[in-house]
1. Quick one: in the range 193-231, which of the residues that are loosely packed, with under 12 Cβ neighbours inside 10 Å and of a type in the set (S, T, N, Q) is farthest from T308 (Cα to Cα)?
2. Which number in (1) at pLDDT below 90; (2) under 25 Å from F245 (Cα atoms) marks the one condition that S192 misses?
3. Can you name the residue in the range 168-186 that is in contact with a Lys or Arg (Cβ under 9 Å, 6 or more places away or on another chain) and surrounded by 15 or more Cβ atoms within 10 Å (Cβ to Cβ) and, of all such residues, is nearest to D295 (Cα to Cα)?
4. I'm trying to understand the selection: among the residues of the range 325-346, which are surrounded by fewer than 16 Cβ atoms within 10 Å (Cβ to Cβ) and in contact with a Ser or Thr (Cβ under 8 Å, 6 or more places away or on another chain)?
5. Could you check the range 120-133 and list, in sequence order, the residues that are modelled with pLDDT of 85 or more and either part of a loop (DSSP other than H, G, I, E, B) or farther than 30 Å from T147 by Cα (or both)?
6. Just give me the residues in the range 89-114 being within 22 Å of T135 (Cα to Cα), assigned to a helix (DSSP H, G or I) and of a type outside the set (A, V, I, L, M, F, W, C), in sequence order.
7. Could you list, in sequence order, the residues of the range 161-195 that are touching a Leu at 6+ places or on another chain (Cβ under 8 Å) and under 21 Å from S248 (Cα atoms)?
8. Report, ordered by the first and then the second residue, all pairs with beta carbons closer than 7 Å, sequence separation of six or more or different chains, a first member in the range 150-172 that is part of a helix (DSSP H, G or I) and among the charged types (D, E, K, R), and a second member that is surrounded by 13 or more Cβ atoms within 10 Å (Cβ to Cβ) and at pLDDT 90 or above.
Amino acid sequence: NLLENQFGFKYNYRDVAIIYYFTPRRRDYRGSSVEPQQHHDADEAEKSLSRSELLKKHQQRPTGKKSHCCSDCGKRFNSSSNLKIHQRIHTGEKSYGCDQCGKSFTLLQTLKSHQRTHTGEKPYSCDQCWKSFTTSSNLTMHQRTHTGEKPFGCDQCGTSFSQLSTLIGHQRVHIGEKPFSCDQCGKGFTTSSCLTIHQRIHTGEKPYGCDQCGKSFTQLSNLIVHQRTHTGEKPYSCDHCGKSFTTSSCLTIHQRTHTGEKPYGCDHCGKSFIGLQTLKSHQRIHTGEKPFSCDQCEKSFTTSSCLTKHQRTHTGEKSYGCNQCGKKYSDKRSLIKHQKIHGVVS
């Protein structure tokens with residue numbers, strides 16, 4: 001549906017509406033010393049000129065096409081400002097610095113989100129459990145723990161994840177890619193966060209402390225799981241038997257006891273396991289590796305859990321208490337054995 005004026009310009013109805021809105025209305029020339037027809041001709045010429053100028057401006061406005069192209073990687077953007085932000089990935093430019101700790105960021109919004117770690121501000125709250133977060137994206141990811149939504153699926157094995165970054169890290173398991181290497185021991189990792197956590201083995205850093213008992217952890221996720229031992233919270237339930245767990249990974253491993261699935265096989269002896277961590281611990285039998293050492297007596301262990309149990313012989317800590325009689329034990333297995341006296345079966 002095109003309209004054409006006397007100058008050959010074609011308009012659709014939307015253009016006509018725009019031009020009509022911006023074109024000055026015709027004036028009333030009554031009482032003027034100039035002949036009305038002369039004014040009419042001049043007015044029409046002015047209107048035609050303004051129409052052509054407005055049309056050109058209108059046609060130059062963005063149409064949704066991504067006309068701005070990155071010369072480094074070819075990625076296209078719909079505005080020059082978005083292109084400039086993207087190019088900082090290639091240049092390494094980080095223009096926005098935190099005045100609290102000096103850390104720099106490529107985006108102002110990322111800096112603002114980071115600054116909330118200093119101020120403690122958490123403006124985004126979950127309407128299910130009222131837990132608060134520093135960014136809306138962290139809230140969205142958290143809400144998937146309530147809905148069970150895992151929108152990111154692996155095309156190799158079908159495993160689904162709640163976060164895209166977790167899927168990308170997982171896919172490296174299939175291709176064997178480990179782009180992040182430790183400069184202390186050369187060990188490779190699939191994600192930068194895994195490398196950072198690993199490096200704390202060398203530095204001894206445990207930045208996440210429990211405000212209930214003072215115990216510290218290398219990972220925030222480990223602290224969150226640990227805090228559930230104080231609160232008794234077990235948010236992940238098995239739909240087969242109703243048993244509850246403190247983490248989704250523990251639930252996944254447990255569910256394999258129902259399905260019989262053992263996806264992790266040892267390439268030394270062929271034995272299969274329900275969990276990757278169990279396989280890794282088993283493989284140390286073949287390699288003789290004992291990477292977890294006691295700082296009190298220097299005794300070494302194949303797993304961190306074995307080290308933790310051993311350390312309680314030095315500290316006298318007994319974290320596992322019987323809810324029937326109050327008797328305490330240094331390890332969970334001893335508690336389970338004791339509870340059978342009361343007729344409790346775990």
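1. T231
2. Only one criterion is unmet by S192, namely (2).
3. Result: K178.
4. K328, I336
5. Scanning the range 120-133 gives G120, E121, K122, P123, C126, D127, Q128, C129, K131.
6. Of all residues in the range 89-114, those within 22 Å of T135 (Cα to Cα) come to 89, 94-114.
Then keep just the ones that are assigned to a helix (DSSP H, G or I); that gives 89, 108-114.
The answer is Q109, T110, K112, S113, H114.
7. The answer is F161, and nothing else.
8. That search, which allows pairs on different chains as well, returns R172/K178.
The values are calculated or read from the model by the stated rules, or taken from the named source; none is laboratory data. Computed from a prediction, not measured in an experiment: that's the story for all the values here. Methodologically, a virtual Cβ is constructed for each residue, glycine included, from the backbone with ideal geometry; neighbour enumeration extends over all protein chains shown.
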